[in-house]
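Worksheet: the structure to be examined is printed underneath.
Every number in this text was worked out from the coordinates using simple rules, so none of it is lab data. Bear in mind the structure is a predicted one, so any value in this text is a computation, not a measurement. Counting neighbours? That spans all protein chains shown, and the Cβs are built from the backbone with ideal geometry, glycine included.
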Amino acid sequence: MTEIPHAISIGAKISNLAWDSPSADCVTFEGVTLTRQELHLSSNRMAHALAARGVGLGDFVSIALPNGLDFVVATFAVLKLGAIPQPVSGKLPERELEAIISLARPRVVIRAAATRPSDVTPGILIAETIDETDLPDRISPALKAPTSGGSTGQPKLIVSGRAGIVLPGEEDFYGIKRSDIAVMPAPLYHNAPFSLALVAILAGAHLVLMRKFDPENLLQIITRRQATWLYLVPTMMHRIWQLPQEARDRSDISSLRKVWHMAAPCPPRLKEAWIGWIGAEKLWELYGGTESQAVTVIGGQDWLGHRGSVGRPVIGEIAILDDEGRRLAPGTVGTVYLRMPSNAAPTYRYIGARAERIGEWETLGDLGWMDQNDYLYLTDRRTDMILVGGANVYPAEVEAALEEHPLVTSSAVIGLPDEDLGHRVHAIVQTSSTIDLDELNRHLAERLVSYKRPRSIEIVAYPLRDDAGKVRRFQLRADRVPGAASSEAPRMSNDERLTLEGR
């Protein structure tokens, strides 16, 4: 657990904010706002109800709720007890949720609908007590324990090495001010949205949540509330940029002071478009895993001089190593390895997995290269790379080319077995319009060498990525390989699936 001198617990910080400005707006969701005092008292009340159910110091509490005020209240209630919030999607199939619960062994699972003995709803908890008094000050041994399936589909818990305390200067790192109106359109069960929502609230900013990302609705919220801070992922940036020009023109986003994007690679052309729209000085990018061994940051102005980079390390160290652990020369693609600052306490621990290491270096599975000035450039994830007739094809590069087409909403590129080449590149393309596949292939031919171009293209009508920009390639591959499980992909009619073979 990270030790901070004179650390203040998150519960104490919420209490202090409530006493300082009880009527100040704290969190807004779909037109309903909790003031600082209301958040403090509501989370006290829920904490008392959880304590009566046996939740105590160091216990996991799974929070399987959609974005909303209940999610925020539950998170602070858990932290006030010194317990560990374990956010998880409320839409998971029961089998997948059971796999996570078997790892976490939570004392309580907070869900929108209770179906098992360990489940409880926010409404039930609030109804069980009227006690809103302050609780004994406790510090959770871990701020959070989000989950990840990675590329294997096997869930794991990533338990934070940081205790449930306020880190001095954290709000400055993300450029969040007390006067900010911060908009969070991403699902809170993902690590970055969860963490940054907490940072905004603890900084005294006014956090505005969205139930689900919608590009036009987001622009309306920014315009109406004159938002000053915004979190995005590249998928959101792409969907906003695909809106008709008039939709963007009638939105007033001039109030934005800081826009962060992370969680997935951003195609350079898309980033350039955003820099031209909002200004290079406002756009910032962060690269790092939930594990937090190392972090890079780059601002838009710096990016223009290092196009495609995700920045230089600002926390920890990064190196490009080969499979034997040898450091590769600048400009050479290899596996990205990260190392925590020397003498630092562990930033995380896994439940249900082991870290992939070479000595003190750990990898998240990303491939990339560094230049002579230590700027990092990502190419793809190692597990996603497709070997086509002995040549490496990186799905992210193919997806970036696909998504430059104006009719492509999103895409996912995977490798499928091929008797001749070993694997062939298969593109799954989401579009809301009829698309000419011959024209799409001409579009790709102008951007990709022949061996990188998809041999087959599948058109679908359903989203391929979630609101955090994540795509589950392992499941997409399994659904398309004969005999593999296909329990989670939406069922497609003949009208929804169209494949062009042998291009």
Return a single number: how many Lys pairs in the chain, at a sequence separation of 8 or more or on separate chains, have alpha-carbon atoms below 20 angstrom apart.
-> 18
Helix-only [θ]222 nm of the chain, DSSP H runs n ≥ 4, -39500 (n - 2.57) each, per residue, nearest 500 | -8000 deg cm²/dmol
Alpha-carbon centroid distance for the pair segment 260-326 / segment 37-96, whole angstrom = 33 Å
Restricting to the chain, what percent of DSSP beta bridges are antiparallel, rounded to 5?
-> 65 percent
Dipole size in debye (nearest 20) for the chain around its Cα centre, Lys and Arg Cβ +1, Asp and Glu Cβ -1?
-> 520 debye
Treat every Asp and Glu Cβ in segment 266-351 as -1 and every Lys and Arg Cβ as +1, leave all other atoms uncharged, and give the resulting dipole magnitude about the Cα centre to the nearest 20 debye.
-> 80 debye
Using modelled amide H (1.01 Å from N, peptide plane; none on Pro or chain starts), what sits under 5 Å from the amide H of residue 363, excluding residues fewer than 5 places away?
-> 338, 356
Helix 69-80 vs. the chain, principal-axis angle (Cα, 0 to 90°, nearest 10) | 60 degrees
Is the shape of segment 70-193 best called rounded, prolate or oblate, per the rule: a/c under 1.5 gives rounded, else a/b larger than b/c gives prolate, else oblate, with a ≥ b ≥ c the square roots of the Cα gyration tensor eigenvalues?
-> oblate
Mind listing the phi-derived Karplus ³J(HN,Hα) values for segment 307-313, rounded to whole Hz, using 6.51, -1.76 and 1.60 with θ = phi - 60°, and x for any glycine or proline?
-> 4, x, 7, 9, x, 10, x
